[in-house]
Amino acid sequence: MQITGINAITYYSPTIFKQMGFEGNATIIGLPAIVQAAALVATIGSLFIVDRFGRRPILLGGIASMMLSSLVMILVFATGSLGSGGSVWGFLAILVFTAGFNFGFGSLVWVYASESFPARLRTLGASLMLTTDLIANLIVAQFFLPLMDGLGGATTFVIFLVLAAISFAFVLRFAPETKGRTLESIRTYWENGARWPETTPTTPDRKA
């Protein structure tokens, strides 16, 4: 989750906006506030529609938004469209990247993990997820600025694009849709070789 670069955007967005050509403390500080407001709206929106559309579409839609935003950032830095006054496209890309993360990963990952892990592995699985997430956060926080300085913005966002694409492929291939499934049926899914059984137990008060 964190390896896709979201905390690099959160921690260093004033620096990124400055490199895009935005000037003035009010602008450089104000733009991240707008980005976080959009993230809040995306989170609320996700919560309202997740039980209607399911977990996988929300996750995949959020990651796809991050991939598109990374592509725009690559083009912004690669074409040198960072003149005086700042890059509107770059700002919009950062906004959509952050909103996309909060729409998908940020809103659902822990709820989804609690649903998809079998009961006997839920504690261990959640602990491993948190540990790897914190390690990824540390890596991104430590190396983002050196990457921006050494490789440039375009190459840095190519890395984020690749990592987001890997996340998309992983969710697409391995993450089951848990909407409307009972906890018993989700357990059976894993015991059945990651395939939904033909018949599933129905216990309305324990549906995911």
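Per residue, the chain exposes an accessible area of 52 Å² to a 1.4 Å probe, with every protein chain left in place.
Let me have the relative contact order for the chain, percent, based on Cα pairs under 8 Å that are six or more residues apart. Kindly include the intermediate steps, with their values, before the conclusion.
On the way: 258 pairs, mean separation 63.4, N = 208.
Relative contact order, the chain: 30 percent.
Distance from the alpha carbon centroid of the range 93-153 to that of the range 48-62 works out to 17 angstrom. Scanning the chain for long hydrophobic helices, with DSSP H runs required to stretch 30 angstrom or more by C-alpha along their axis and to average at least 0.0 on the Kyte-Doolittle scale, returns 25-53, 55-78, 122-151, 153-174.
Give the carbon-plus-sulfur fraction of the accessible surface of the chain in %, rounded to a whole number; probe 1.4 Å, heavy atoms of protein chains only.
67 percent
Checking [x] 1.04; [y] 0.96; [z] 1.00 against Rg/Rh (Cα atoms, Kirkwood Rh) calculated from these atoms, the matching label is [x]. Each of Gln19, Phe117, Phe97 was scored by the projection of its Cα onto the charge dipole of the chain, and the greatest displacement toward the positive side belongs to Phe117; charges sit on the C-beta of Lys, Arg, Asp and Glu.
Set the Förster radius R0 to 22 Å, insert the Cβ-Cβ distance between Arg173 and Arg120 as r into 1/(1 + (r/R0)^6), and round the FRET efficiency to 0.05.
0.40
Considering only Ser107, Ser65, Ser127, the Gaussian network model of the chain with Cα springs below 10 Å gives its largest mean-square fluctuation to Ser127. First check a/c for the range 29-71, with a ≥ b ≥ c the square roots of the eigenvalues of its C-alpha gyration tensor; if it is under 1.5, answer rounded, and if not, answer prolate when a/b is larger than b/c or oblate otherwise. Oblate is the answer for the range 29-71, as a/c is 1.5 or above yet b/c matches or exceeds a/b.
The values are calculated or read from the model by the stated rules, or taken from the named source; none is laboratory data. Bear in mind that the values here come from a model prediction, so they are computed numbers and not experimental data. Cβ: placed from backbone, ideal geometry, glycine included. Neighbour counts: every protein chain shown. Note: areas computed on protein heavy atoms with side chains; ligands, DNA, RNA excluded. Shrake-Rupley method; radii C 1.70, N 1.55, O 1.52, S 1.80 Å.
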